Every structure is written in C-alpha cells, then in structure tokens.
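Enquirer: This is the structure I want to talk about, given as structure tokens.
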2 protein chains.
Amino acid sequence: MEAITIKDIAKALNLSTSTVSRALRDSYEINVETKRLVLEYATKMDYRPNPIAQGLKENRSRAIAVIVPEIANNFFSEAITGIEDVANAMGYDVVIFQSHESYEKEVSNVRNVVARRVDGLLISISNQTKDVSHLSDLHERGFPLVFFDRVSDDIDTYKVVADNFSGAFKATDHLLSTGKKRIAHITSSAGLYITKERLSGYKAALEKHEIPFDANLVHYCVNFGYKEMEGIIESILSVDPMPDAIFTASDRLALACFEILLTRGIRCPEDLALIGFTNLKVAHLLSPALTTVTQPAFEIGQTAVELLIDLIEKKKRMSSTFMIKLPTELVVRASSGSKVPGFGGS
Amino acid sequence: MEAITIKDIAKALNLSTSTVSRALRDSYEINVETKRLVLEYATKMDYRPNPIAQGLKENRSRAIAVIVPEIANNFFSEAITGIEDVANAMGYDVVIFQSHESYEKEVSNVRNVVARRVDGLLISISNQTKDVSHLSDLHERGFPLVFFDRVSDDIDTYKVVADNFSGAFKATDHLLSTGKKRIAHITSSAGLYITKERLSGYKAALEKHEIPFDANLVHYCVNFGYKEMEGIIESILSVDPMPDAIFTASDRLALACFEILLTRGIRCPEDLALIGFTNLKVAHLLSPALTTVTQPAFEIGQTAVELLIDLIEKKKRMSSTFMIKLPTELVVRASSGSKVPGFGGS
DNA sequence: TTGTAAGCGTTATCAT
DNA sequence: ATGATAACGCTTACAA
C-alpha cells in the first residue's frame, strides 16, 4: 500500500528531493557517487516513480486509450494485444473502452478519455457512428488521434487498416483459379469504405480471369440479421445459373452464411465453395472449404500505436490523412493437421 | 487539449478555487446561489475534474487493474466486458494487462499496477505461476485484491469462479444419460484447483449412474500442445474397450481434440461423442456433437469487480478466503446428426 | 458562507 | 554539485 517516494529516499540518504530526482533521472551535473548511492537505495527499496504525480507535473498520464466496438471479438482483441505489446514496451499503459456499437457510449467514452488526460487515443468507430464531431473536436485541439480498422473519412490523421482491396482480390482470384465461374459476393453496407474496397478487389479478380461482372451476384447485408442472410442465401440459390461459390466479406457474414447453408444440407465444398474474409481462428475446423483471408490484426494494432506514440512524443499534428494498408493473407488449408488454435477457456 | 480547470472557473466567476471545489462537490455550507452559478458555468464549459490531480490528492486513481493471461480468449474478453460494465458504471476506469501465461510478465505487470497506484487489482493468474509472493505482498499491505477464474490457494481473499464441479457433473451426466458408458476425460494440469473440481464432478456423475471410475480414462494435458494431445487421443483410441465419449475440460482442449479426431476421420457423433467445457461461440457449428457447458464469464467479471470495489470503498480487508461459485449452463444442441451433415475429414 | 494556505509526488528553475 | 522553492489541479483544514 505505502509506496516509497522520492521524499523517503531523500530523508534516508540525507539529501534533498531534487538531488534524488536528478540522480534518478540521470540528469547532468550530479556527483557520480551520490548517483550511485541513490540508485542503489532506490533499487533496494524497489522505488517506482508515481506516474500520477509525474502526470500532474508534466500534464500527461503516460497512458493511451483505446476505444473499440467490442473486446470479445477476435479481430479487436488481437489488435489490442498488438497495441499493448508496443505501448508497454514504450512505457505507456493502455486503457480500454468499448462502445458496444453504440454512438452514445462512444461519445461518453471519448469524454471519459479526455477527463482521464490520456496522452492519445486509438479508435475504431462504432458502426452506428455517423457524426464524428466528438472526435474532430479533439483532433482540432491537437489531441493525438489515430484510427484503425473502422476509420472515419471526415478526419485527417493516421488511419491503419487491412488492405481490403488486395484481400478481396486474393480471395476471388483463389476461387476462380480453382475453377469456379460464378461467384456470389455477400458484403456489408454499400456505403462503407471497406465495402467499396472489397468490391473493387472482387471486380479486379473477375477482370483478370475475363469474367464479366454481374451486379446481381452482389448482396449487401446491412443488419447482419439471420433473417436477412436467409433471404440473401435464398436468392443466391434460386438464381439461374446458380453461383458455384460465395465470397463473404467478414467473420460474421461467413459464419451466418455457413450456418444457413448447413441447415439446408449444403455441404462445402462439394456443392458450393465458400470463402471467408475472416479472423476466425477455428474457420478451418468448420469446413475445409472455408478458405480465408486473414487480416493482420496484431500488426494493425502495433502500427497504429507506433504512429500514435510518435504523434505524442514529437508533438506532431496531422493535418492530412495518411492511410496505411497492411497486407492480408490468403490461408488455403492443406489436409495436414495444423496447429491448435489459440482459443480456450481456462 | 487545454482542459478547463477549477482555477479557470474561479477566475471567471471571481471566486476562490476552494469555493468552486465545494460547489462542485456539493459540499456542506455553500450558498445555494453560488453553487448554482458554479454548476451552471461548469456545465457550460464542460468542466471535468482532472482525475490525476484528484488521485494525487486522495492517493487513489479511480482506476482498477485487470491482469489476465490473454485477452484474445473468449472467456477472458467476456469477463473483461463484465468488469468494464460494472466498473465504468461506478466511475472507475479499467486498465488491462496481459501476462501471456508468463510468470515474469505477470510479476512485471503487478509492479506496474503498484506504480500506477490503481485502487485495486483483479487477477486471473498465469498457468506458469507457482509462487504468488508478488501478490501476497500486495495483499498483506492491504491492497484490494480479488481473484477470478484462475485463483490462488495461497492467498485469502475473494475468489470468483465458475461452478466447475456442477459443470463437470452436468456434462458427464448428459453423456451418460444419452447411453454412453465409457467416458474419457481430458483435462488440464492435475494440480490445479479447477482440475480437481472438474474431476470430482465427473466422478460424481459416474457414481450416480453406477459406473466405476477408471483412472486410465483420465488424461492430463499440461502444455496444451498439439503433439501432447495427439498422444492422448492415440491412447484413448487404442485402449480396449475403446471409450465411446470424451469429456474435455476447456475450449482449447475441446478444439484440439476435435481437430485431431477430424484428421483421423472420426466423425462425431457417429463414432464418438465429444463434449466441451467451453465458451466458444461457434461450437454448434463445429459439430452437433459438441454439446457444451458454458461458464458465465460476463457474470464472473461483474461479480469480481463488485467485490473489489466493495473492498476499495469500504476499505475492508479480507483475511480469509471467500469463494463465489457461479452456475454453469449445459447447452444441448438440437437433434444431432439428422439434418446437419457431418464434416468430411481432410 | 467564503477565502487562504498547505499538501499530495514530482520536476524545473533558481540560488548557493 | 546540491538545495530550496514553485508549480501542476485538486481537496480540505483553518481563518476570516
């Protein structure tokens, strides 16, 4: 409970607090012997500077905040691991908030972040968030801000995302290379940046294989609802000629799609190929047909926090968008036993 | 960037900082009109007290720390969501650390927690941790400490866990009730408290069904390695008579087991029943055979943090263990094997 | 009812 | 090379 302070050291060594502080901070102009003494005693007593006091003094907290929609989501939890990894190594703690896909919660989280005087904010915005004025306020006041994954078009700063274009290209190209001809594409809301990127990748692959684009094969799933997906599957299965493969644009879409296909007795890959754009670790257990394109969640987190800390420490201000796209990876399963996924209870 | 301080309010209203502080804190003896004025102005300017300064003054930080082995793990991320849920509602922020199952990292995290002057610690210890002196030190100094899930026997405080006994009982009982006779049990390290509890539940169910306990059917998986699990499966399949069901004690074990069985062309549930003790959300997609027992991760988090905040705010000190066991739930999937096809191996 | 001042732990700016 | 002191924002005796 009672942590040792610089004062205690000063008293014990008959020095002034400033001398001790200097010794600890390895300041210029200090007697080497005094320094040794202080350092020795500090180590012995396991002295740790109080970051609260330091923060008050320096007007910083040595903590950064992360706001994500949901922590219980493989992509975000991996990204956070990447964030924590780099941040801790650089002496920053990470404070995590969840918006639970609620705009109100996100705004309240941002307020909290400001009140906490964290040194910077990494955010992946909720899918309900249209108005980003709670963030542009911060940004305009010079508060270090970096987006990752779910980025906003309306604020000019660093944005770290997966390369959705090439990911979609790889996925589609893979299906076409294995002989598929008519590939349905189930994706998220038409307006989203990532949706557009993925559609472009899909189209580019079709072009490469000289297959004409058919708009009827593209399905936008807006609410991620089971009913909605059922309707989509229905129309995919009833169109003539029937598609011989499906490229889904996310974990949730891939899972919902897979589940509905299963209940209709459709087995991948004999009847229909299915490819997910996913971070789901157990995808290969669901079906060997579930070839996936994984997003580099961990690296996205690492990169984002590196940029953020750079902004913080160099007191830089971004006045234009700088988008970093990290490569995705096509994972084609072999029949050999792969490694045990990193899921698990306790 | 420039947050408004109590000083700014005082200056603007021609008051002293203490008066403003009193108005804000709804202190005794303050002119109701002055208070109104201050509150009004504070609201208008969106004043937020600086928790760093408050913390320095009150020697607290209004933050609690959580140390878990891994955040990218469904159980822990759900527990953290529960923790955050309650903590935020009570005005606390949550600072998260991962031990990555490393004893050294855990110790370093604990140091950091102390340095941060968080008000309390929730911890689920790493599976490498044998010596808990880094925690008993804290506890003895009166630092609020609550264990959840991975608890230590050596420290007397609140411990919040799933009811592993009844969970294991339900799982085993379910298998036996569906006609299985020889149930292998794959579980974690023999020394762990949860392992013992689960084994007891397993035995109790056998007893209920008047089936003798066979120690040869119990397999301890220590490293969670693929190789290790392969050996275990090997020995399960080669014993005579062969078991007709497997009860695995965690997500990771269930998945590893499932994967290896698949590569050997063993389809559940025709050839062998498999039951997981799991929080994996997609278990039902893996196989209808994967009946599961879910742990109330979210509630465990909520309960743990409630107890911790109680310790903090009442300045209570625990001097004996108080174990809270939250109920698990048996999730039996719809009629197995009928509509949903099995998975063709490889 | 309000103001003054001290103090929380640390660092920076002066002196010495 | 070292010490005294002020300051960060806030709370709280104590004074007025």
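Enquirer: State the extension gain, in nm to one decimal, for the chain segment bounded by residue A:190 and residue A:18, taking 0.36 nm per residue of separation less the distance between their alpha-carbons.
Expert: Here the segment from residue A:190 to residue A:18 would lengthen by 55.8 nm.
Enquirer: So which trypsin sites (Lys or Arg not before Pro) in segment B:168-221 pass both tests, a DSSP loop state and at most 12 other Cβ atoms within 10 Å of the Cβ?
Expert: B:181
Enquirer: Taking the Cβ of each residue in A:136, B:287 as the centre, tally the other Cβ atoms inside 10 Å and list the residues starting with the fewest.
Expert: In order of increasing Cβ crowding within 10 Å: A:136, B:287.
Enquirer: Jot down the radius of gyration and Dmax of segment A:1-133, Cα atoms only, both in angstrom.
Expert: 20.1, 61
Enquirer: Over the residues of segment B:79-207, compute the C-alpha Rg and express it relative to 2.2 N^0.38 Å.
Expert: Dividing the Cα radius of gyration by 2.2 N^0.38 Å gives 1.28.
Enquirer: Using C-alpha positions alone, give me the convex hull volume of segment B:197-281 per residue in cubic angstrom.
Expert: Per-residue hull volume (Cα only) is 114 Å³.
Enquirer: With the Cα gyration tensor of segment B:142-261 giving a ≥ b ≥ c as the square roots of its eigenvalues, does the rule (a/c under 1.5 for rounded; else a/b larger than b/c for prolate; else oblate) give rounded, prolate or oblate?
Expert: oblate
Enquirer: Still on this structure: Residue by residue through segment A:229-244, which ³J(HN,Hα) values in whole Hz follow from phi under the Karplus form 6.51 cos²θ - 1.76 cosθ + 1.60 (θ = phi - 60°), with glycine and proline marked x?
Expert: Ordered by residue, 3J(HN,Hα) equals 5, 4, x, 5, 4, 3, 6, 5, 6, 9, 6, 10, x, 5, x, 9 Hz.
Enquirer: What are the residues whose amide H is under 5 Å from the amide H of residue B:160, where those residues sit 5 or more places off or on another chain and H is modelled from the backbone?
Expert: B:147, B:148, B:149, B:324
Enquirer: Relative to the compact-globule scaling 2.2 N^0.38 Å, provide the ratio for the alpha-carbon radius of gyration of the protein assembly as shown.
Expert: Here the answer is 1.06, to two decimals.
Enquirer: Quick one: 3J(HN,Hα) in Hz for segment B:102-114, Karplus 6.51/-1.76/1.60 with θ = phi - 60°, rounded, Gly and Pro as x.
Expert: 10, 4, 4, 5, 5, 4, 5, 4, 4, 4, 4, 4, 5
Enquirer: Can I ask one more? Which semi-axes, in whole Å and largest first, does the equivalent ellipsoid of segment A:229-337 have when worked out from the alpha carbon gyration tensor as the square roots of 5 times its eigenvalues?
Expert: Largest first, segment A:229-337 gives 38, 17, 11 Å.
Enquirer: Let me ask another. What residues have an amide H closer than 5 Å to that of residue A:328, excluding those fewer than 5 places away on the same chain, when H is modeled at 1.01 Å from N in the peptide plane?
Expert: When sequence neighbours closer than 5 places are left aside, the close amide H contacts are A:163, A:167.
Enquirer: What nm value, rounded to one decimal, do you get for the distance between residue A:44 and residue A:108 when each label is placed 7 Å out toward the C-beta?
Expert: My value for the distance between the label points is 5.1 nm.
Enquirer: Sticking with this one: Quick one: B:138, A:121, A:330, fewest Cβ neighbours within 10 Å first, how do they rank?
Expert: Sorted ascending by nearby Cβ count, the order is A:330, B:138, A:121.
Enquirer: Mind sorting B:152, B:320, B:108 by how few other Cβ atoms lie within 10 Å of their own Cβ, fewest first?
Expert: Result, fewest neighbours first: B:320, B:108, B:152.
Enquirer: Just report the Cα centroid separation between segment B:73-114 and segment A:277-303, whole Å.
Expert: 25
Enquirer: Based on the Kirkwood radius over alpha-carbon pairs, what is the Stokes-Einstein translational diffusion coefficient of chain A at 10 °C with 1.306 mPa s viscosity, in µm²/s?
Expert: My calculation gives 69 µm²/s for D.
Enquirer: Over the residues of segment A:6-49, compute the C-alpha Rg and express it relative to 2.2 N^0.38 Å.
Expert: The reported ratio for this selection is 0.97.
Enquirer: Under the definition of partner shielding as Cβ atoms of other protein chains within 10 Å of a residue Cβ, what is the mean value for peptide A:43-56?
Expert: That works out to 4 on average.
Enquirer: Residue-wise, which Karplus ³J(HN,Hα) couplings in Hz belong to segment A:294-306, taking 6.51 cos²θ - 1.76 cosθ + 1.60, θ = phi - 60°, and x for glycine or proline?
Expert: Once θ is set to phi - 60°, the couplings for segment A:294-306 become 9, 8, x, 4, 4, 5, 4, x, 4, 4, 4, 6, 4 Hz.
Enquirer: Can you pull out the trypsin sites (Lys or Arg not before Pro) in segment B:1-63 that DSSP calls coil and that have at most 13 other Cβ atoms within 10 Å?
Expert: Passing both the DSSP loop test and the Cβ count: B:25.
Throughout, read-outs are computed from the coordinates displayed, never taken from laboratory work. Remember, it's a predicted structure, so these values are computed and weren't measured experimentally. As a convention, Cβ positions derive from the backbone with ideal geometry for all residues, glycine included, and neighbour counts pool all protein chains shown.
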